[in-house]
Amino acid sequence: MDLEVLISEAEIQRRVRELAAEISRDYAQADELILVGVLKGAFIFLADLSRCLTIPRSIEFMAVSSYDNGDQESSAVRLVMDLRKNIEGKHVLVVEDIVDTGRTLNFLGELLAARKPESVKTCALVRKPDRARVETEIDYLGFEIPDAWVVGYGLDYDEQNRTLPYIASINPAS
Ligand code: 5GP
C-alpha cells in the first residue's frame, strides 16, 4: 500500500504546541478544563496536546460509531461509550482527530451541550473542507487537508498505521 506524507512529524509537533499555547491562554482563568477525547483516533493527539497545556486539566473519553443507511448523505452517528464524569458547570473541550462530514463533531457538541456545561468548544487536528456535509464549528484547528483517506498519528486504515508519527494519505489499491 502506498503512503504519501501530507503532514510531517515536525509540522504536527509544532502545530500541537501552538494549539496548546492558544488553549492555555484562552482557559487561563478557568478552574479546570475537561478534555474529551474521541476514541480511538484522537488518543495520540490528545496525549500530546494535553501534555503541552499549562492549565489544570482532566482527561475523559467517548466513543462513537458512524453507520451508513446505504448512502453517505444520510449516515448517522451513534454513541458507543459515554463519559464517566458529570460535566455540568464545567468547561469542556472535545478533542477529535479528523473532521470529515462534520456529523460526529456536531453530534457530540449537541449531546454535551444538553448536559449544561459552563462551555463546550471543539478542537480537531485535521479537517477535510471538501467533504463537509453539515456546518461545524471548530474552535481550534490544526490543519486542512484535501479529500483523501489518511492514516497515522492515531488514524487507521483497517486498524493499521495508527502509530505512524506523521499523517499520510493511503492508497489501498496499490
Ligand atoms: P465525520 O463524522 O466528520 O464524517 O467523520 C469523522 C470520523 O470519521 C473521524 O473521527 C474518523 O474516525 C473517521 N474518518 C474520516 N476521515 C478519515 C480518514 O481520512 N482517515 C481515518 N483514519 N478516519 C477518518
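List of remarks:
- Percent of beta bridges antiparallel (DSSP, the chain, rounded to nearest 5): 35
- Electrostatic dipole magnitude of the chain [Cβ: Lys, Arg +1; Asp, Glu -1; Cα centre; debye, to 20]: 600
- Lysine-lysine proximity count for the chain, Cα under 22 Å, sequence distance 8 or more or distinct chains: 7
- Stretching the chain fully between Ser58 and Arg133 yields a gain of 23.8 nm (0.36 nm per residue, less the alpha carbon separation).
- Prolate/oblate/rounded call for segment 43-174, Cα gyration tensor, a/c under 1.5 rounded: oblate
- Along the axis of the charge dipole computed for segment 1-66 (Cβ charges of +1 for Lys and Arg, -1 for Asp and Glu, origin at the Cα centre), the listed residues Val38, Val16, Leu53 are led at the positive end by Leu53.
- Three-way shape call for segment 1-80 based on the alpha-carbon gyration tensor, with the a/c threshold at 1.5: oblate
- The listed peptides 35-48, 76-89, ordered by packing as a protection proxy, come out as 35-48, 76-89 (highest mean of other Cβ atoms within 10 Å first).
Since every read-out is calculated from the coordinates, none of them should be taken as a lab result. What you see is a predicted model; the values in this text were computed from it and never measured. Note that each Cβ is placed from the backbone with ideal geometry, even for glycine, and that neighbours are counted across all protein chains shown.
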